[in-house]
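Novice: Quick one: structure below, then a few questions.
Bear in mind that the values in this text are calculations on the coordinates, not laboratory data. This is a predicted model, so every value here is computed, not measured. Note that each Cβ is placed from the backbone with ideal geometry, even for glycine, and that neighbours are counted across all protein chains shown.
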């Protein structure tokens with residue numbers, strides 16, 4: 001059992017080191033920034049990352065890794081990539097708590113996700129598909145923009 005655990009740990013670390021970032025990419029980034037947001041209810045917050053391309057692109061963008069989180073990206077107007085991260089501390093409501101432990105069997109086990117990249121606070125990794133292969137591009141110096149608070153209508 002110890003040998004299996006050791007092999008799994010070694011394999012996971014080897015995957016991190018083997019990720020090769022692309023230097024020559026088929027698109028040009030004009031700007032990249034993020035801003036925090038706060039919802040209208042207590043405890044609801046997160047941040048958005050926006051990456052503006054210089055020209056239209058037909059690339060299939062997939063995910064953005066930023067601040068130890070990953071999010072699927074939205075691609076708008078063929079030039080704007082948006083990743084939304086929800087960092088709210090609300091607990092999921094699908095947990096069953098009951099005196100009879102048999103009724104709690106359907107609860108999902110918590111998972112510990114490992115982050116595959118070592119990034120500084122203002123770096124991100126954008127994944128995209130090209131020629132049937134997943135590629136990784138490290139974006140450096142993502143700037144922080146001032147956020148506007150959500151104003152609740154009464």
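Novice: What are the semi-axes of the equivalent ellipsoid of the stretch 80-132, taken as the square roots of 5 times the eigenvalues of the Cα gyration tensor, listed largest first and rounded to whole Å? Don't skip to the end; give the middle numbers.
Specialist: Numbers: eigenvalues 258, 45, 33 Å².
Values for the stretch 80-132, descending: 36, 15, 13 Å.
Novice: On to the next question. When the chain is fully extended, how far beyond the present Cα-Cα distance does residue 107 get from residue 69, taking 0.36 nm per residue of separation? Intermediate values should be presented prior to the final figure.
Specialist: Values: separation 38, 0.36 × 38 = 13.68 nm, distance 2.36 nm.
That works out to 11.3 nm of additional length.
Novice: Show me the ranking of peptides 39-45, 122-128, 50-56 by mean Cβ neighbours inside 10 Å, starting with the highest. Please list the in-between numbers first.
Specialist: Details: 39-45: 12.6, 122-128: 20.3, 50-56: 14.7.
Going from most to least packed, we get 122-128, 50-56, 39-45.
Novice: On average over all directions, what projected area in square nanometres does the stretch 62-103 have, based on the convex hull of its Cα atoms? Don't skip to the answer; put the middle values down first.
Specialist: Working: hull surface 20.8 nm².
Dividing the Cα hull surface by four gives the mean projection, 5.2 nm².
Novice: Let me ask another. May I ask you to order 81-87, 105-111 by the average number of other C-beta atoms within 10 Å around their residues, highest value first? Please list the in-between numbers first.
Specialist: Details: 81-87: 17.1, 105-111: 7.6.
My ranking of the peptides, most packed first, is 81-87, 105-111.
Novice: Using just the Cα positions, wrap the stretch 54-147 in a convex hull and report its mean projected area in square nanometres, one decimal place. Each step should come with its number before you reach the end.
Specialist: Values: hull surface 38.0 nm².
Hull-based average projected area comes out at 9.5 nm².
Novice: How long is the gain from residue 78 to residue 96 if the chain were fully straight, where each residue apart is worth 0.36 nm and the alpha carbon distance is subtracted?
Specialist: Values: separation 18, 0.36 × 18 = 6.48 nm, distance 4.32 nm.
Net length gain for the segment: 2.2 nm.
Novice: While we're on this one: Mind giving me the FRET efficiency for residue 131 and residue 87? R0 is 35 Å, r the Cβ-Cβ distance, nearest 0.05 is fine. Provide the component values of the computation, followed by the final result.
Specialist: Values: r = 35 Å, r/R0 = 0.99.
The computed FRET efficiency comes out at 0.50.
Novice: Further question: On a full-extension model of 0.36 nm per residue, what is the gain between residue 140 and residue 36, subtracting their alpha-carbon distance, rounded to one decimal in nm?
Specialist: Numbers: separation 104, 0.36 × 104 = 37.44 nm, distance 1.85 nm.
Length gained between residue 140 and residue 36: 35.6 nm.
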